[in-house]
Amino acid sequence: SGTVPTARLGSGTASSSTFLRGDQTYAAAGGGKVLSTATRSTTTSTTFSTTSYAASDIYATITPTAASSKILVLMNYRIQAYQASGTTLGGVVRLYSDIDSAGFNAIYPTAGSTIGALAYTDAGDTAERSISAFQTFTFLDSPSYTLTDSIVYKLYGRKSYTDLQVGGSSREMQTILIEIGA
């Protein structure tokens, strides 16, 4: 009839949830599946007026469905700095997470550089100055958690020279969390 019986193709159980591997065995597809998602939008702005990192209103929360999952974090936000007069303005942002309300910790980067920055310098300029930009950030996290833990991913910021503002435009700032199966 021209049809090869499944048993002659390879060992294991053939079904709609398995595939035939190159070594002639059937295996379940694994990894890379989207298991769950969470999104959050805001137009609220946060102003950072100290050089210590503080939380913004740009965040989302997810409760993973599998203990071995990774979380893909996508953030889109507006960052702005203003000065009445002077030579330098700007600030920086960093990604923090909180697993099961245990407290926020920097996860990317944990030290040193930042995921977003805004700066302007003109040594001879004393005019008012405002700079802003929309920035997008992507990070793949491999957190350690149990299945009942919720994880909050939040953008933190601080001023470097002058106050820094994140958010606060008529456009929504987006945080998207995607649970990826291992």
Packing-based ranking, highest mean first, of 34-41, 2-9 given that Cβ atoms within 10 Å are counted:
34-41, 2-9
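Which value, in Å³ per residue, describes the convex hull spanned by the Cα atoms of the stretch 1-83?
Residue-normalised Cα hull volume stands at 209 Å³.
Bear in mind that the values in this text are calculations on the coordinates, not laboratory data. Here the structure is a predicted model, which means the values were calculated and not measured. Please note: Cβ atoms are built from the backbone with ideal geometry, for glycine as well, and neighbour counts cover all protein chains shown.
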